[in-house]
Each structure stands twice: as C-alpha cells, then as structure tokens.
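What follows is calculated from the coordinates using simple rules that are stated; it is not laboratory data. Everything numeric here is computed off the predicted structure, so don't read it as measured data. FYI the Cβ positions are ideal-geometry reconstructions off the backbone, even for glycines, and counts take in every protein chain you see.
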Amino acid sequence: MTAAEHLMESLDDLGTATGWVDEAIRDVESTTLDEATACLAQLREHVARLRQFDAALERWIADIFRDQHWRDPQETAAGLVEVKRSTTRRMWDHDQAGKAWLSATLDASGGEVPDPFDLLRDFRSAATVAGWKVGAFKALGLDVNDYCSTEPGVPHVYITRREP
C-alpha cells in the first residue's frame, strides 16, 4: 500500500471519528476537566498536522498547475480544481496613491467637492492601514499596482465538487 493510500484510509477513519462530533458536543458537559483538556490538546495537535499536510498538498497541486502551464480549471475525480494566486503588494507610494484617488474622486463628481463626510466615508472604503483597496481604485478607473511594488502571492487551490 502506498503512502497516499494509507493516508486516504486514515482520512476515511477521521471521517468516521468526526461522525461522533455532534454527540460529543451534546455530551460535552458530562466530561471532566481532565478529559476535556486532554481531548482538546490532542485535537489541536491533529489539526496542526492536518494544516501542515493541507498546505503541502496545496503547494504541490499549485506546482503541477505551474509546471503544466495550466491556467484553466482542471476536471478531477474530486471535482473542478482551480489554482488562484493572490498578489503581494509592498512599498506603497501613499502620497501618489492618495492624490490619484482624490483627483479621480473629484473628477467623478464633476469637479465639485463632495460633502466632507461623504468624502471621508469614501476614503475609508478605499484606504487601509497597510495599503489601498483594489476594488475602490478599480471603480475609479485606477490600478493600485501603479502605486506599489508587486510580486506573486501565495497560491490557493479551490475544488468545486460535482453535484451527486
């Protein structure tokens, strides 16, 4: 039996174990503090290991998509699989981004200065502590990437299961 087959068998066992979760939740008050903390500690260890494995599988699938130059979703036994990669933005030119946003906002209002409270509300929807929001800039015809350095972010794998 391969490592993948052992893992799938173990995941099936995990699925069976999680079937007891509803009953355990209903019965949680009947456990002792020692039982509850021992169970929680063990559960957290398993969850941490599962997260590591989840991340490893996600990286491996993203690597396959990259190596095969696949851009479109791929049909698999589990369903439709798609890899999306975020963009990491750093080194913002906040002065220029703010000026561009304000200029575009004033242009959109026909050159009239909007109510200060509306302007502040709109500004808060476009700016964050760390940077600027893509959607708010796109709505004004601006590209946030013009005001920062960009690099590919972390890939994420999305699986859309088929209807039974």
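Just to check your reading of the model, which residue among 86, 109 is under 30 Å from residue 71 (Cα atoms) and of a type in the set (Gly, Ala, Ser)?
Values: 109 fails: under 30 Å from residue 71 (Cα atoms).
Just a single option satisfies the conditions, and that option is 86.
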Tabulated pairs, segment 1-25, first more than 25 Å from residue 35 (Cβ to Cβ) and touching a residue at least 40 places away in the same chain (Cβ under 8 Å), second of a type in the set (Phe, Trp, Tyr) and not in a loop (DSSP other than H, G, I, E, B), C-beta under 7 angstrom, 6+ apart or interchain: none
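How about segment 25-38: which of its residues are surrounded by 10 or more Cβ atoms within 10 Å (Cβ to Cβ) and out of contact with any helix residue (DSSP H, G or I) (no Cβ under 8 Å at 6 or more places or on another chain)?
Once the filter is applied, which keeps residues that are surrounded by 10 or more Cβ atoms within 10 Å (Cβ to Cβ) and out of contact with any helix residue (DSSP H, G or I) (no Cβ under 8 Å at 6 or more places or on another chain), segment 25-38 yields 27, 35, 37, 38.
This table checks each residue for (1) assigned to a loop (DSSP other than H, G, I, E, B); (2) out of contact with any His (no Cβ under 7 Å at 6 or more places or on another chain); (3) farther than 30 Å from residue 54 by Cα.
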position	(1), (2), (3)
84	no, no, no
95	no, yes, yes
101	no, yes, yes
105	no, yes, yes
114	yes, yes, yes
122	no, yes, yes
142	yes, yes, yes
145	no, yes, yes
150	no, yes, no
